[in-house]
Every structure is written in C-alpha cells, then in structure tokens.
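The values are calculated or read from the model by the stated rules, or taken from the named source; none is laboratory data. Since the structure is predicted, the reported quantities are computational estimates derived from the model, not experimental observations. Counting neighbours? That spans all protein chains shown, and the Cβs are built from the backbone with ideal geometry, glycine included.
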Amino acid sequence: MDRKKDIWKVCICTSDMKNVNLPFGKTDVGLIYKVERRKETDLLEKRILSSNGIRQGRHDFVEDEKVQKIKDCDYIVCTKIGTKFQRVIEVHGVSVIEYQGDIKTVLEKLRKYLLLTRQER
C-alpha cells in the first residue's frame with residue numbers, strides 16, 4: 001500500500017447496493033468507490049465484473065476477466081474470497097478485505113484506518 005496516497009479506489013461486492021453481501025467469485029457487478037482520507041466517499045461507478053453479468057463455464061476465464069476488471073482498484077471488499085482469487089488479485093497490488101455488512105460502515109472504517117496509518121509515519 002502506498003502511504004503517500006490520498007485517494008483510493010475500492011471495489012465493493014454487493015447484490016443489493018447497500019451491503020457487502022457476496023463472495024468475490026459470485027459477484028457479477030461491483031460498486032467502485034473513491035475513498036479519500038479527509039473527505040466523504042463517492043460512488044464512481046457500477047462495474048460489470050463478468051461478461052454481460054453472466055458467469056462463464058470455465059473458471060479460469062472468469063477469474064482472469066474479473067481480476068482484469070478490478071486491477072485498477074486499491075482494495076476489494078467481499079464476504080469471502082478463495083485462495084487462488086486472492087493470490088491473483090494481490091499480484092496486481094489489490095488488497096482484499098473480508099467483511100459482511102453495511103457498505104457505508106466499511107468505507108468509513110477503511111477511511112479511518114488510512115488516516116491512522118498516515119499519522120503513524
């Protein structure tokens with residue numbers, strides 16, 4: 001993680017647009033938020049993570065496609081993630097947070113964490 005950054009992109013795995021409630025592997029649409037240290041978070045976009053929202057038959061194809069679509073993010077927040085997905089994602093510099101609950105809550109906790117890590121330096 002680059003501690004000099006002031007803005008991060010976070011992908012949220014959700015089916016109801018209110019809660020983190022899906023594992024990464026079952027997420028077809030991710031909400032991409034901009035998190036800033038000292039400002040409110042903003043929803044940037046809803047991003048389709050699989051072909052037309054439909055999972056393909058071949059697992060490796062889906063994995064490669066999903067990872068390619070989120071590799072510009074700094075974090076991904078999901079209820080669960082498989083070891084293989086996590087390794088591939090982390091190779092691209094994306095950190096994984098496993099969480100279940102309200103999106104606003106996790107984004108605020110992440111923003112506070114990022115603020116604290118900056119002060120430690």
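Which of the residues spanning region 3-40 are more than 17 Å from Cys78 (Cβ to Cβ) and either touching a strand residue (DSSP E or B) at 6+ places or on another chain (Cβ under 8 Å) or in contact (Cβ under 8 Å) with a residue 60 or more places away in the chain (or both)?
Selection gives Arg3, Lys5, Asp6, Ile7, Lys34, Glu36, Arg37, Arg38.
Considering only residues that are in a loop (DSSP other than H, G, I, E, B) and modelled with pLDDT under 95, look in region 1-14 and name the one that is farthest from the chain's Cα centre (by Cα).
Lys4
Mind checking which residues of region 71-103 are in contact (Cβ under 8 Å) with a residue 60 or more places away in the chain, of a type in the set (Val, Ile, Thr) and in contact with a Leu (Cβ under 9 Å, 6 or more places away or on another chain)?
Val77, Thr79, Ile103
Check Glu108 against each of (1) within 22 Å of Lys26 (Cβ to Cβ); (2) touching a residue at least 40 places away in the same chain (Cβ under 8 Å) and name the one condition it does not meet.
(1)
I'd like the residue in region 15-40 that is within 16 Å of Lys112 (Cα to Cα) and buried (at least 18 other Cβ atoms within 10 Å of the Cβ) and, out of all such residues, is farthest from the chain's Cα centre (by Cα).
Within region 15-40, the match that is farthest from the chain's Cα centre (by Cα) is Val35.
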